[in-house]
1. Please report 42, 36, 137 as a ranked list, fewest other C-beta atoms within 10 angstrom at the top and most at the bottom.
2. Given only helices, namely DSSP H runs of n ≥ 4 each adding -39500 (n - 2.57), what is the per-residue ellipticity at 222 nm of the chain, to the nearest 500 deg cm²/dmol?
3. What fraction of the DSSP beta bridges in the chain is antiparallel, stated in percent and rounded to the nearest 5?
4. Measuring from label point to label point, each 7 Å out along Cα→Cβ, what is the residue 19 to residue 182 span in nm?
5. Taking the chain as a Gaussian network, where each spring joins two C-alpha atoms under 10 Å apart, which residue of 88, 132, 148 fluctuates the most?
6. Using a Gaussian network model on the chain with a 10 Å cutoff between Cα atoms, which of 50, 117, 92 fluctuates the most?
7. Take the alpha-carbon centre of the stretch 342-363, take the same for the stretch 162-193, and report the distance between them in whole Å.
8. Compute a Gaussian network model of the chain, connecting alpha carbons closer than 10 Å, and tell me which residue from 218, 273, 205 fluctuates the most.
Amino acid sequence: MNGEKEINVWFEAGLLPTSRHPLNVKVERAEGPFIYGKGKRYVDLISGIAVNIIGHRHPYVIKAVKEQLDRYDHVMVYGDFVLDIQMAYARALTDLLPSSLNTVFFTNSGSEAIDGAIKLARRYTGKAKVIAFKNAYHGSTYGAWTLASHSDITQGMEPLLPEVYHAEFNNIESVKRLIDEHVACVIVEPVQGEAGVVPAKPEFLKELRGLCRDVGALLIFDEVQTAFGRTGSLFAFENYGVIPDVLVLAKALGGGFPLGAFISSKEIMGSLLDPPFGHITTYGGHPISCAAGKATLEVLIEDKIVSEKIPRLENIIKEVFSEELGEVEGVSFTVVGIMGAIHLPEKEITDTVIRRVINEHQIIVDWFLFAETGIRIYPPAIIDEGLLAHSLKTIAGVIKSEINKR
Ligand code: PMP
C-alpha cells in the first residue's frame, strides 16, 4: 500500500526520503488549516508536526515577515550584532516565563537546541552523565540522537555520545536507580510526543524536580512539541507547576520558519561564556524566523487562542472521540490540549486508516515515530470548530469501518 512506488518518486527527483511512510501529498499552496495540491483541498490535522499552531500563512505573520524582509535578513552569525528583532522576541518570551528562565540562546532547530542544552548542563555542572527516557524523541544531531532509546534508528552509527542512560518514563524508581552526583542533567518531554502522546504524571515530574535538586543535576524540559498552546497552556510545564532549569523550544517557536532555543537563568547560561564560544551558530535566531515567531506568539495571546480557543478545541476532540470511539473495542485515545493520538489494535489497521483518511477524505493525519499503532491528531488552533468536529467524525467513521472488517 505504501512503499516502493512512493519512495521512487523521491529518488527520481534526486531526493532521499528517510520517512518510512512518505505521505506524498503534492503541495501547491497552504492557507489557514488547509493544504492545496493536485486540485484537492486537504484539512491539515498535523500542523507540520506541531509547527503551524496558527495555521499556514497567517496574515499577521506574513506582514511581520515582509516588514522584516524589507529591513534586513541575515547580517551576522548569532551573538555579535545587535538585532532588534532577536532582542524583542527574547524579551517577549522571557516576560512570559518564570524569572529563573530569563536568558535565551536561539538556534536553528530543536535538535541543535537539545545539543546546546546538553553542552550547557555538562559545562555548568562539570559532570558528564545524562539521563533521558525510553521512547523519547529529542532530535537528530548526534547528541539528541543518542538520547533516543530505539537502537533501530541509531544502529550502525555508534559510538554515540558516552554517558547517556535511559530510564523508564513515568517510573521514578527507574530514575532513582540511575541518578547520582555524577549526573549533569535529566532531559524529559512533559508529554512524550513520538511515543504517541504520553503525558508525564504530575507526581513524576515533581519528584524528578526534587531528585535533580538533590544531586545538583539540571532538569531540562524538551517542549519542542508541547509549547505554544499545543497542550492547553502556553508552556506544558505550567500544567504541572514544575519549573525546569532549562527549557528547550522549537517548532511553533519559529511561526513556520526554522528556529529553536534553549532558555535558562543568566547564571547557568553564563557558563557558555566561560570560556566563550560554548555554542556557536550561523543562522540560529534568524531575523525572519524571529519576526514570524514573535508575531505568532502575539496572535496566540491577543486573539485569546491559548486562553479560550484551544480549550474549546480540546473539548471537541474529547467529545467526538468519546462519542464515536469510546465503545469501539481495542481503540483508545489520548488528548492533551490539541495534541491527540488515537491508538488502534493493529499496525495494519493504522496504516490503512491513515492512507484512506488522506487519500479518500483529504484529511491529513500521520504516524508517530515510536507508536506504530497510533494516529497523530495535532490540528492548528485556528481551525473552525465545526470543521474539526466533522473531520474527526470522518476519521472515526473510517476507523470503525476498518475495525468491522476484522
Ligand atoms: N524534540 C522533540 C520533542 C521533537 O518532537 C523534535 C522534532 N520532532 C525535536 C526535539 C527535534 O527538533 P528538530 O526537528 O527541529 O531538530
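1. Numbers: 42 20, 36 17, 137 24.
Result, fewest neighbours first: 36, 42, 137.
2. Details: 15 runs with 160 residues, N = 406.
Rounded to the nearest 500, the figure is -12000 deg cm²/dmol.
3. On the way: 28 of 44 bridges.
Expressed as a percentage, antiparallel bridges in the chain total about 65.
4. Result for the modelled spin labels: 4.2 nm.
5. Maximum among the listed residues: 88.
6. Ranking 50, 117, 92 by mean-square fluctuation puts 92 first.
7. Each part reduced to its Cα centre gives a spacing of 34 Å.
8. 273
Coordinate-derived values only; no laboratory data. Since the model is a prediction, treat every value here as computed from it, not as a measurement. Glycine gets a Cβ as well: all are built from the backbone with ideal geometry, and neighbour counts include every protein chain shown.
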